[in-house]
Amino acid sequence: MKLEFRPLVTDSLPKQIAEHLRQAILEGELRAGDRLPTEDELAAQYQVSRPTIREALKRLAAQNLIRSRRGPTGGTFISRPTLEESSESLVSTTMLLASMNEFSLAEIAETRHQLTRLCMIYACQQQQQGLLEKTHLQQMRQHLQLQEDEMSDEAFCAADVAFHRALVNASGNRMLEFLMYALVEAMQPVANMVVYQFRERQHVIQCHHQMVTALEQGDEVQGKQAVDDLMDYLKARYQEAQHWRAQRG
């Protein structure tokens, strides 16, 4: 392992050490499976104390960038974050930023609209090529059926999220799945709770039926239209909800 170590002058040594190692991982100097030097060795190379190194390693572990293994062949190794772990981190960050009003509801809604449209296009193409996994359509039908049953607002919102999660997975595009994870898992439930008093369930269900039918037929044009109808309707309800809240505020 060829990695340049240099003394650090800062009041946040653990943060800087963690960032240096993280950068080495991102740039490929440290690869998945590589074993890091011991705490004593790292402390000597960075010219800091062991507790400082331990804190830096905790930061990296929190980002799922390293893992520890005990035993004669143990130590601290560079790990390969899974897509699920990275997605969960993205959801947490997105929710934090949203809570700080870094994104407006209009921005969230428009982004969701365009990316859902793209998911539908890719999913229809998968169907046209005979590559669409039947489980994705089955899940969409299953959650659509649940929406038609009598249920609480919370249960309806959960079925709605699950329906759209299945559509995202049907796209067959893992990068798109990763990006949509934050919108579907973090932002969609929040948006649902904002608008549930103003939307008509039957209208949402009707749009979902149209989306499933279009996907079954591999019809991109009808699929995009169904997504547009749903998202335009929801965006109008978001505006209605915000106007109502502003008047009450």
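Readers should treat all values here as calculations from the given coordinates under stated rules, not as data from a laboratory. Values in this document were obtained by computation on a predicted structure and should not be read as measured data. FYI the Cβ positions are ideal-geometry reconstructions off the backbone, even for glycines, and counts take in every protein chain you see.
Couple of notes before you dig in:
- Rg of the Cα atoms in the range 131-249, relative to 2.2 N^0.38 Å, amounts to 1.08.
- Near Ile66, the amide H atoms lying under 5 Å from its own belong to Ala61, Ser79; only residues 5 or more places off or on other chains count, and H is placed 1.01 Å from N.
- Exposure proxy for Lys224, Lys58, Lys134: other Cβ atoms within 10 Å of each Cβ, ordered fewest to most, give Lys134, Lys58, Lys224.
- Zone residues, the range 181-216, relative to Glu154, backbone N less than 19 Å from point 7 Å out along Cα-to-Cβ: 185-198
- Panel order for Thr94, Thr111, by other beta carbons found within 10 Å of each beta carbon, from fewest to most: Thr111, Thr94.
- Selection from Ala106, Leu118, Val91, by position along the positive dipole direction of the chain (Cβ): Val91
- Rounded to the nearest 20 debye, the dipole size of the range 84-248 about its Cα centre is 240 debye, using +1 on the Cβ of Lys and Arg and -1 on the Cβ of Asp and Glu.
- Per the Kirkwood formula applied to alpha carbons, the chain shows a radius of gyration over Rh ratio, Rg over Rh, of 1.11.
- Of the DSSP H helices in the chain, those whose Cα atoms cover at least 30 Å axially and whose Kyte score averages -0.5 or more: 105-128
- When only Cα pairs below 8 angstrom with a gap of at least 6 residues are kept, the chain shows a relative contact order of 18 percent.
- Expressed as a fraction of 2.2 N^0.38 Å, the C-alpha radius of gyration for the range 179-231 is 1.25.
- Among residues other than Gln210 with Cβ under 12 Å from its Cβ, the summed charge is -3 (Lys and Arg +1, Asp and Glu -1).
- Note on the range 13-78: Kirkwood radius taken over Cα pairs, Stokes-Einstein applied at 4 °C and 1.567 mPa s, translational D equal to 110 µm² s⁻¹.
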